[in-house]
Structure formats: structure tokens, C-alpha cells
Amino acid sequence: MGIDIASIVGGARQAFVKAGLGPKDLLQAADNSRDHGSPLGVTAEKLRDRIEWLEDEHDVPIALDKDKADILLTLSSVETMKYPDSVVAMAKLLNHAGVDWTLSTKGYEATNFGYLAGKADVARIMVQRITEAAEAVGAKTVVIPECGHAFGALRWSGANMLGRPLPFAVVHISEFMAQLKRDGRLRLKPIEESITYHDPCQISRRGGATEDARFLLEDFAKDFREMTPTGNLNWCCGGGGGVQAIARAADLRHKVFKIKMDQVEKTGAKTMVSACSNCRLTMDESKAHWKWEGGLASLVEIIADHLIEDAPAKTQG
């Protein structure tokens, strides 16, 4: 019937906030985003320090605060603080492809806890920061990192929160990598170990990037095994909708992950790959809880780890 369930849930969350209710974890994360730049308190100064450390540690140039760039890359605080190798991987990929890109301290946090918590004012601020950063450098494309929530919030709801059309295209990093591969700008050596792919809800089912992940894995993953069910019918990781940020939901997340464990074990795959850091965090915690021995990996990281750097990439022009 064309009913947008997500918008109804969003309206209910805003009503809870106006009534002085809501999960304290989410509300605090929203306030941190407004006051400090990110839900985990990654300020612009901390981001600069983090990028400088990652450049030195990995010997990879990471563009920050360029005056002009075609691509504005954003980050989630989960990656910045918990999975910094993902930040390095994205930089390696963009450098490898020869694209004109930058991060910006004016607008870097892709997650929008104002949106998740029902704080409409904070939600708008987070979209404004990215929009102003993109406009300042002239970026026509904003790349969202491996975060399903960030992708859905900006791509499908960003214009409504901002109050005007977004002046740029919003693409998820998996979509962006797939386009680089189609353009012949992503050269990969194959991965031999058996892997399966977990479809993040916001990226596959709601986001429409289901086939892009598989296009990336095609001819690259020599032993790729689909789960059952898979694609748009795949099971959630258990931490969607902000549940990952709610401490009292831990037991529920662990129970849901048992479904995912069973899915992976039936494929016999050694490693489960995902393109969402929120899913990854949820699954890492549940893996530790159950002492599960299955492997977990990031799509962007395994792609970056298998780049062939022998020949120069095509450049834009």
C-alpha cells in the first residue's frame, strides 16, 4: 500500500522524545553527536590525530580537508574508534582508483543518532554538517562507509531532514567499489578461502545494493557460498534500528545471532563477510559471547587487502 514503515517508526520516536521518554543510551549518543561531533566523542581534533596516526602506522596517504574534491568520504565513529583498519582500507581503495577525494573535519560523522533517537533537531544538524562540508569542497558525491544506518539515514531521509534536495549523490562504499570495478579501476587478486556474505538490512533489503556486493565478489571470491535465505531475505544481524547502542538489549542480540551462526555453519564457509560496521560490532560481541569459531570480515577490508598495485589506475578526466 506504499506505507513507509520507517517514517512511521521515526515519528513515534520523536513523539517519545517530546514526552520525555526513550532509551537513555540513544539519547546520550545523539547529544554527544550534537556537542562533540560524533556519538563516541570523536571531535575534529581527535579525527586529525587519528588520521595522522593511521597514515604513519600504515604508510597510506589519507586526504583530509582538501580545498576541492569530487568525492567527500564520510566515516562512522565505530570505524574510527573500533575498526580503524576500515578507514585505511577505504583510503587505499580510493587512492588505488585515482579518484579525487577528501575527508572533512567540517562534516565527517556519517551516523545520525538524532535520527535514531527521535531528536529531529540533532538529526538535521548532522545532515547539515555533511551537506556544508560537501558544498565547501564542491563534491558531487558523498560516499558512506560500511554503516547501513548511515547509508539509509542520509540517502533516503537526508533531504527531508535538511528541508531541501541534497546537492550531491549518496552512495554506499560497496556501491562505489562496484562502480570502480565496472569502470576497470579496481584490480584484484583472488581470495581462495571459503566465504559467505551477510546482507545488512539497510544496505541490501532497504538500500538496493544487494547485487553490488555480489558483483564485487564475482571472480574474486573463488569459493563463495550463499546463505539460506540470502539477499533481500537474509536474516538481520540482531543489532539494527539502534539496538546495538542499547545495553539492555544484549541478551536479545545474542539470541538473534544464533540464527546467523546456524546460517553460516550450514554453508560450511570459513568466513562471513559484511559491509556494515554496526553489523560487524553486533556480530563480534555475540561471537565472543557464544565463543563461536567462525570468521568475521569486512568487505572493504578484504577488497583493499587484495588490490593489485602493479599497474597505474585510470584517472578521472
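The table that follows gives values for the structure above.
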| quantity | calculated |
| --- | --- |
| Members of segment 119-140 found to be surrounded by 23 or more Cβ atoms within 10 Å (Cβ to Cβ) and either outside any helix (DSSP H, G or I) or acidic (D, E) (or both), listed by number | K119, A139 |
| T271 vs. criteria touching a Ser or Thr at 6+ places or on another chain (Cβ under 6 Å), surrounded by fewer than 21 Cβ atoms within 10 Å (Cβ to Cβ) and among the polar types (S, T, N, Q) | no |
| Residue that is among the small types (G, A, S), modelled with pLDDT of 95 or more and farther than 23 Å from C276 by Cα, where the choices are G158, G138, G114 | G138 |
| Qualifying positions in segment 55-94 - β-branched (V, I, T), under 20 Å from T141 (Cα atoms) and in a loop (DSSP other than H, G, I, E, B) | I62, T74 |
| Subset tally (residues that are assigned to a loop (DSSP other than H, G, I, E, B) and in contact with a Lys or Arg (Cβ under 8 Å, 6 or more places away or on another chain)) for segment 207-239 | 8 |
| Lone unmet requirement of (1) within 26 Å of G152 (Cα to Cα); (2) in contact with a Pro (Cβ under 8 Å, 6 or more places away or on another chain); (3) not acidic (D, E) for T230 | (2) |
| Residue within segment 95-109 that is within 18 Å of the chain's Cα centre (by Cα), assigned by TED's automatic domain parsing to the domain that holds D56 and either within 21 Å of I8 (Cα to Cα) or part of a helix (DSSP H, G or I) (or both) present | no |
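The values are calculated or read from the model by the stated rules, or taken from the named source; none is laboratory data. This structure is a prediction, so every number in the text was calculated from the model and none was measured. Glycine also receives a Cβ, built like all others from the backbone with ideal geometry; neighbour counts cover every protein chain displayed.
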